[in-house]
Amino acid sequence: MDTLSHALWGVLLFIWFTTNPWILLLGAFLGALPDIIGWLNKKICKNSNAWDWYVWAHSKWNLLNLLSPYGFHVLLDSFTHGEGKRWWVKNERLYAEILNWLLLIFLFILIL
């Protein structure tokens with residue numbers, strides 16, 4: 001899934017409990033955090049392998065998975081990352097990204 005959809009899923013996970021915009025922003029941040037960690041490593045540590053932090057951030061055994069939007073991000077990516085499961089490669093799993101966005105739009109319409 002893409003980073004924006006992960007942020008929106010983080011909002012959806014928190015909106016059931018509160019409409020406080022700061023809490024919803026926290027949900028968005030936590031939902032996008034695994035991708036943010038990989039991006040920051042690529043920008044800050046130009047000499048290291050950016051995939052090291054990205055892979056660590058997406059590890060199922062990471063303690064940050066206890067934060068629900070973060071863990072949900074890793075769970076969603078387990079279906080759309082890896083050999084034969086990449087949504088960004090032609091003829092693999094683009095349908096998963098499309099279904100993800102359709103479900104997000106439906107849920108936001110339902111909530112609003």
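Bear in mind that the values in this text are calculations on the coordinates, not laboratory data. If you're wondering where the values come from, they're calculated on a predicted model, not measured in any experiment. So basically every Cβ, Gly included, is an ideal-geometry build from the backbone, and we count neighbours across all protein chains shown.
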**Message:** Could you sort the peptides 13-19, 35-41 by per-residue average Cβ neighbour count (10 Å cutoff), highest mean leading?
**Reply:** 35-41, 13-19
**Prompt:** Which ordering of Asp52, Asp2 is given by a fewest-first count of other beta-carbon atoms within 10 Å?
**Reply:** Asp52, Asp2
